[in-house]
1. Could you work out how far apart the two model spin labels at B:Arg218 and A:Gln289 are, taking each label as a point 7 Å from the Cα in the direction of the beta carbon, and quote it in nm?
2. What is the helix-to-structure angle for B:115-124, meaning the angle in degrees between its Cα long axis and the longest Cα principal axis of chain B, kept from 0 to 90 and rounded to the nearest 10?
3. Across segment B:82-90, in residue order, what do the Karplus-derived ³J(HN,Hα) couplings come to in whole Hz, using 6.51 cos²θ - 1.76 cosθ + 1.60 with θ = phi - 60° and x for Gly and Pro?
4. Tell me the Kirkwood hydrodynamic radius of segment B:9-104 in angstroms, computed as one over the mean inverse distance between distinct C-alpha pairs.
5. Taking R0 as 22 Å, what's the FRET efficiency between B:Gln187 and B:Arg45 from their Cβ-Cβ distance, rounded to 0.05?
6. Can you work out the FRET efficiency for the pair B:Val30 and B:Leu137, with r the C-beta to C-beta distance and R0 = 22 Å, to the nearest 0.05?
7. Using alpha-carbon pairs under 8 Å, 6+ residues apart, how would you state the relative contact order of chain B in percent?
8. What percentages, rounded to whole numbers, describe P(r) for chain A computed over all alpha carbon pairs with 20 Å bin width beginning at zero?
Amino acid sequence: MIQTELLTRCYGLLTAVDALSLRAEPGQVLGLLGPNGAGKSTAMRMIAGFLAPTSGTALVCGHDIRKEPLKAKRALGYLPEGAPSYDEMTVREFLEFIARIRGLGADVAHRRFDEVIARLQLEEVLEQSIGTLSKGLRRRVGLAQAILHDPPVLMLDEPTDGLDPNQKQAVRSLIDAMARERTILISTHLLEEVHALCNRVAIIANGRLLADATPAELEQRSRYHGAVSFSAAGSDVSRQMLERLPQVAAVEVDPLDGRVTVFPRPGQPILDEVLALLRTQGLEVSEIQLERGRLDEVFRQITTSPNLGGRA
Amino acid sequence: MNGMLAVLRRELYSYFITPVAYVFLVIFLVLAGVLTFYAGGFYERQLADLQPFFDMHPWLYLVLVPAVAMPMWAEESKSGTLELLLTLPVSLTQAMLGKFLAAWLFIGVALVLTFPIWITVNYLGNPDNGVILAGYLGSWLMAGAYLAIGACMSAATRSQIIAFVMTAAVCFLLLLAGQPQVLDFFQEAISPRWLNAIGHLSISRHADAIARGVLDLRDLLYFVASIVGWLTAGVLLLDWKRIR
């Protein structure tokens, strides 16, 4: 479990993290989502014990990071941003160092070592020095380091940043596989990642928590939620008729490909009505889609509302 | 304890895996030999002891110890591994001790490798080997004090060059403070009590006794207190950087 209580961090006059209160339970993958410079990394660095909070605190598995920092660190696996590691060491030596500093017994260390190496497919580079590895492999070494002691709480700072699509997929399925009994906190600025991984999202900007919800709940806040979009020949004609439907709030036509999007009034399903209308008009619909809502639109709407001030 | 030993092992390992360690050892051994014979007048003195050898150590360490100490923390902050290290279950004190002990052991190895000069002096005459052993131990302790200064300076900056220069400067000041020329210069300005106090703070005053092979409790205390003091300052500095 991770819990932050009014966690705050100031750099001089700048407040990087502002009274952040979050809670993530076992089985949850909580995504910290925010624009660059929102305070995601600073918040994680405080929870991990690298930075001291200016005020407030955080609990990792019930251990206060101010009062019992070593116990909190033992319960936590942490992948810092950019996955720093000792370049001159080989992968094997680096992981052995991590096992020693975490005080794993010889047999436990041995078993976990084999498991982690197999899971992250590092067998072939075990004897290579980390400085010679590609970005994707370095990230995997960083992940191996974070999960070596089988921690109940895992915190990953931009785990897929800079990876190619295949590597991203591999890292995501790894996180997915580990999520069942663990508490996982990841930070990201990729919306697709939230869809793929998280069962809860905390949106922060300028150090403040702006939303804490499931991805589906966030999608419902989008004006695209429940909207119907379709491509059809001669859709110009149907536009006025669609606008006349009582449940419809607006109709937009994409000037480039002529795709029509029909927005509902809040809470009014419109798919049946739109379909019926299209059928009676005898339009040739090549494709039609019921929109779930667009996270990018919600994200933009939340993180750029005017009361937030300039920094973003 | 686990944490400290793990850090110690890793540091020692990283000393010996890079060529820097071997370059350092060679330079140290060559300089120690050359300075003893040419600057120290090892033959000309016609005495079977290693005083000229130990006399050179404060000056030799002035250049070489800062080089050993400079990557200690500066390298970690520069490459970002500091974030990794400080989020592992190891306290700042344990990490500092592990790093310091590794560097100190490394310098110990360098000192042990000067054994040919000990063989030489035993071949040429009958020196008091107890005095020589005391000299070695004292010299190692003095190297520890230099290293602790270097550890603190390395914690203060991300730049190894700055760490090197600051360490060398502080060590140089502490060496100079005890030189008679410097003390004489200030004789008019400061009261004799303060002058004496400054003299006692200096490395050279305590190093002289060590070179003669005299292990006085006060000199030992001076070096141990220096090590503890500078390492504590380094830990406080690192902790302050977390809060700042």
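Values quoted throughout were computed directly from the atomic coordinates according to the rules given, and no laboratory measurement underlies them. No experiment lies behind these values; they were computed from the predicted model shown. Virtual Cβ from ideal backbone geometry, glycine too; neighbours counted across all protein chains shown.
1. Spacing of the two 7 Å Cα→Cβ label points: 8.6 nm.
2. Computed tilt is about 10 degrees.
3. For segment B:82-90, the Karplus-derived couplings read 4, 5, 5, 4, 7, 9, 8, x, 9 Hz, x marking Gly and Pro.
4. By the Kirkwood definition, the hydrodynamic radius is 15.6 Å.
5. The pair B:Gln187/B:Arg45 has a calculated efficiency of 0.10.
6. 0.40
7. 27 percent
8. For chain A, the binned pair fractions read 29, 46, 22, 4 percent.
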